[in-house]
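Below is one structure, written out as C-alpha cells; the observations come after it.
The values are calculated or read from the model by the stated rules, or taken from the named source; none is laboratory data. Computed from a predicted structure; not experimentally measured. Methodologically, a virtual Cβ is constructed for each residue, glycine included, from the backbone with ideal geometry; neighbour enumeration extends over all protein chains shown. Areas reflect the complete protein model, heavy atoms only, side chains present, ligands, DNA and RNA absent. Shrake-Rupley method; radii C 1.70, N 1.55, O 1.52, S 1.80 Å.
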Amino acid sequence: MSRIDEDMEIIDLDNEEISEDAAEEEVFDDADEEDFNQADEASEEEYNDEDSDESYEAEDSGEPVTESSDDDINDFLARSEHKKKRKHKKHGKHGKHGKAKKRGHGVLVAVLLITLLAGLGVGGYFVYTDYTGRVYSHAIIEAGDVEVTPADFAKDPYKEVFFADGFDISSVDTKVPGDYNVALASGFYTYNSVLTVEDTTAPTAETVPVTLEFGASASPEDFLTNITDVTEVTAAFVDEPDYTKGGESKVSLLLTDTSGNQTTYESSLTIIPVHSSVTIEAGEEFPSVDAYLLDEMGAENNGAVLLTSADSIDTLIPGEYPVSIKLAGGTYESKLVIEDTVAPVITVKNFEGFTTSNITPESLIETAEDLTELTYSFKEEPSFDNEGTYEVTVVATDMGGNTAEAVSVLTLAKDTEAPVITGAKDITIMQNYPISYRDGITVTDNCDEDIVLKIEADSVNPKELGTYPIVYSATDRAGNTTEIPVSLTIIEEHYDEATVYALASQTVARITNPTMTDYEKISAIYWYVKKNMAYTESDNKDDWLKAAYYGLALHKGDCYSYCCSCKAMFDVLGIKNMIIDTYPLRIIHFWNLVDLGEGWRHFDTTPRIGGGDFLYMDDATITAYSVTHGNSHIYDHGRFPGIQ
C-alpha cells in the first residue's frame, strides 16, 4: 500500500460548533499573551524538528495534527485560576479583537482555548495543536482481495491507530476501483483519510481453439477460458472471423477490464468443410468423397480424398462409422450413418407334432428376406403343454429394428411312443481288452432328436474272466423309456490270427470307407495309430500277433507293436506291405514298407523325439533324415532291395 499525506481534518465527534462569541468571552492580559506567544514559537520549533525527521515512502504534503500534552493542560488550569482572581472586564484594554490586531494570533488563542476547554471536559470536541499528525491522509492500493488495516495508514509504527467508532471497513470494496473515506482514531484525535483503489493490472486468460461447422459462428468468449481479473472483463474480436473460409485461420482477441487495462490473445478457428454425417440405406454402395463435401465450399473441394477405405465398412450392418477426408491441406472427420428402414419379408409353415416337440420360432420359418441379419421370436410366448390346434405369431426383426409378423398353425398331440435302440447285442472280448460299449449302437425317436443313451455296466471288471450284465436304456422328453439288457463275456487272452484280424477289421471299419483311395486309407491308419496308441517298452520282438493285439486291443506298445498293428490293418485292406528294421545297430527299430503300385515307400507311425511324419516317404528323404538323427532308419539294402 502506498500513501500520500495531505491535510488532516478534525472530526467533530459530537456534531457541535463553538460560536465566535464563546471563543471571545475569555480575555488574556499581556503577560498571558506573551506566554502563549512563547508557547506558539516553541510549538513551531518542535513542529519543524519533528517534520524534518518524518520519512516514508510517500511525500508528506499536509499539515500534521497531534494531541496536546498533560503539562499543557495543567498549565492552562493554573492560568485560568489566576485570571479569575484578576477579574478583568469582558473585553480588556485591547477591545473585542485586540489580540488579533496586535500580534495576529487570535486564531491560535481561540484554538488553544477550545483545546484546553475540551481537556477540562467542557463541550464534546477533541483538541489539537499545530503539531505533526499520526496518519497519512491518502493511501493507494491495487484492486484485489486485499485486507485493509489501520496500521496501513500509520506514519509511526509505534503509535497505535484504530478505525474510528462508527466506521465499518467492510464498506470499502477493494475489488472496485474508486476513492473511499476512511475514519481513523489515534490518541485524542479522529482523522478522515482517503483510500484510493486503483486497477493497473491487465486481465489474463487462456485460449482454446474452436472448431465449427460451415455457416456456424462463435463469440469471443468461446475462444477463451479462465479469464482472470479483479474487475469485470469484456472480450472482443480484433477483427471479425471469416466463417465462410474452410480450414484453419488465426483469430485475435482483445480483453478489456473496467479500468481500461487490455490484453491481446491469439487463438485458432477451424471451419469444417464437410458434412457432419452422410446417411445411406443398408445395402447401398459406400458414398464417394463428393457426398461428404459441403456445396458452399466451391473450388476448395478440389483434391478431396477419402482416407477411409470403403472395404473397412460393411454397409449391410446399420450403425455410425467414422470417415476421414483429406481436403485443402487438412484432415476432417465425418461419419457414415447406415440406416435400415426396410422391414423384412417372411413366410412360416404350419407344424404337426407333439406337446414335447422342440418348437422354436426359427423352426417355423419357411422363407425370409432382408438385407441385414434377422432374429426371430414369438409375439407372445406360447405354451406347448396342451394337445390341440392353435395359432402362434412369429416375429422377425432385422438389425434396423424393423419387424415382420406371420401366423403359424400348430397341431400338437401327446407323445406315447418310446425311443428305439438298435445294435445292442451280447459282447465277447478277451481279458484286458478295452470295451467299446457304444460301437454300432443307435437311438431314434419319433419326436426327439437328442435322445441320450445310457449304459449300466458298473459290475464289469475287464481283468476278471466271466459274464457280466449290461443294460442299454433311452428316455424321451415325454418320459417314454426303452431298456435292452445284454451280456458281456470276458475270455482268456489268446493271440491267434483270427482274433488279431478281427480287431483289425473292427478298427478299419471305423476309420475308413469303401470310397477312399488306397492312399487315403493308409493315411487314415497312420493318423489313427499316431493319435490312439501310447508308447511303452516291451521285450517282444518276434511275435507279431501278440504285438498287434497289444496295439489294437490295448492301444499301447513299442515300435514293434506300432508296425505290427499297421501290418494287420494293411492285410485286412489288401495293401501290399512288409516290416523293416534297422541294421547293424544294437537298438533295433521297426517300421513298415507299403507298395501302392509305385514301389516301396516308408511308413513309420512310432513317435520320435526329433519329430517328423513318415507317411509314404521315399527312400532318399528318409535316408537324409536318418543321417541327421543318429542313423534312425539305416537298414540292410541287401535284405530290402528295390525301395524307391
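Within segment 558-596, the set of residues being in contact with a helix residue (DSSP H, G or I) (Cβ under 8 Å, 6 or more places away or on another chain) and either without any contact (Cβ under 8 Å) to a residue 12 or more places away in the chain or small (Gly, Ala, Ser) (or both) comprises Ser561, Ser565, Ala568. Identify all residues within segment 503-553 that are more than 22 Å from Asp613 (Cα to Cα) and touching a residue at least 40 places away in the same chain (Cβ under 8 Å); write none if there are none. Across segment 503-553, the qualifying residues are Leu503, Ala504, Ser505, Gln506, Arg510, Lys541, Asp543, Leu545, Lys546, Tyr549, Ala553. The strands (runs of 3 or more DSSP E) falling completely within segment 531-644 that include 1 or more residues that are at positive phi map to 614-617. The set of residues in segment 551-569 that are touching a Lys or Arg at 6+ places or on another chain (Cβ under 8 Å) and surrounded by fewer than 24 Cβ atoms within 10 Å (Cβ to Cβ) is empty. Looking only at residues of segment 327-363 that are part of a loop (DSSP other than H, G, I, E, B) and of a type in the set (Ser, Thr, Tyr), we find that the one that is nearest to Lys245 (Cα to Cα) is Thr341. Residues in segment 426-453 that are at pLDDT 90 or above, within 30 Å of Thr356 (Cα to Cα), of a type outside the set (S, T, N, Q) and exposed (fewer than 13 other Cβ atoms within 10 Å of the Cβ): 1 in all.
Hey, can you tell me all the residues within segment 481-496 that are under 16 Å from Ile470 (Cα atoms) and either under 60 Å from the mean Cα position of the chain (by Cα) or not charged (D, E, K, R) (or both)?
Here is the first cut: in segment 481-496, the residues under 16 Å from Ile470 (Cα atoms) are 482-490.
If the condition is that a residue be under 16 Å from Ile470 (Cα atoms) and either under 60 Å from the mean Cα position of the chain (by Cα) or not charged (D, E, K, R) (or both), then Thr482, Ile484, Pro485, Val486, Ser487, Leu488, Thr489, Ile490 are the ones that fit.
Inside segment 364-394, can you point out the residues that are over 21 Å from Val342 (Cα atoms), among the hydrophobic types (A, V, I, L, M, F, W, C) and assigned to a loop (DSSP other than H, G, I, E, B)? Break it down stepwise before answering.
So the first thing to find is which residues in segment 364-394 are over 21 Å from Val342 (Cα atoms), and the list is 364, 380-392.
Still in the list and also among the hydrophobic types (A, V, I, L, M, F, W, C): 364, 384, 392.
If the condition is that a residue be over 21 Å from Val342 (Cα atoms), among the hydrophobic types (A, V, I, L, M, F, W, C) and assigned to a loop (DSSP other than H, G, I, E, B), then Phe384 is the only one that fits.
Among the residues here, Thr355 qualifies as of a type in the set (Val, Ile, Thr), surrounded by 16 or more Cβ atoms within 10 Å (Cβ to Cβ) and more than 32 Å from the chain's Cα centre (by Cα).
Would a scan of segment 342-362 turn up a residue that is among the basic types (Lys, Arg) and at pLDDT below 90?
Looking for residues that are among the basic types (Lys, Arg) and at pLDDT below 90, one finds none in segment 342-362, hence no.
Residues in segment 134-172 that are closer than 28 Å to Ala202 by Cβ and assigned to a strand (DSSP E or B): His138, Ala139, Ile140, Ile141, Glu142. Note on segment 501-516: among residues that are in a helix (DSSP H, G or I) and of a type in the set (Ser, Thr, Tyr), the one that is least open to solvent (accessible area, probe 1.4 Å) is Thr507.
So which residues in segment 422-436 are small (Gly, Ala, Ser) and free of Cβ contacts under 8 Å to residues at least 60 places away in the same chain, if there are any at all?
Narrowing segment 422-436 to residues small (Gly, Ala, Ser): 423-424, 436.
Once the filter is applied, which keeps residues that are small (Gly, Ala, Ser) and free of Cβ contacts under 8 Å to residues at least 60 places away in the same chain, segment 422-436 yields Gly423, Ser436.
Is it fair to say Tyr180 is of a type in the set (Phe, Trp, Tyr) and without any contact (Cβ under 8 Å) to a residue 24 or more places away in the chain? Yes, satisfied.
Taken over segment 215-257, the residue count meeting the criterion of being in contact with a Phe, Trp or Tyr (Cβ under 9 Å, 6 or more places away or on another chain), crowded, with 18+ Cβ neighbours inside 10 Å and touching a residue at least 40 places away in the same chain (Cβ under 8 Å) is 6.
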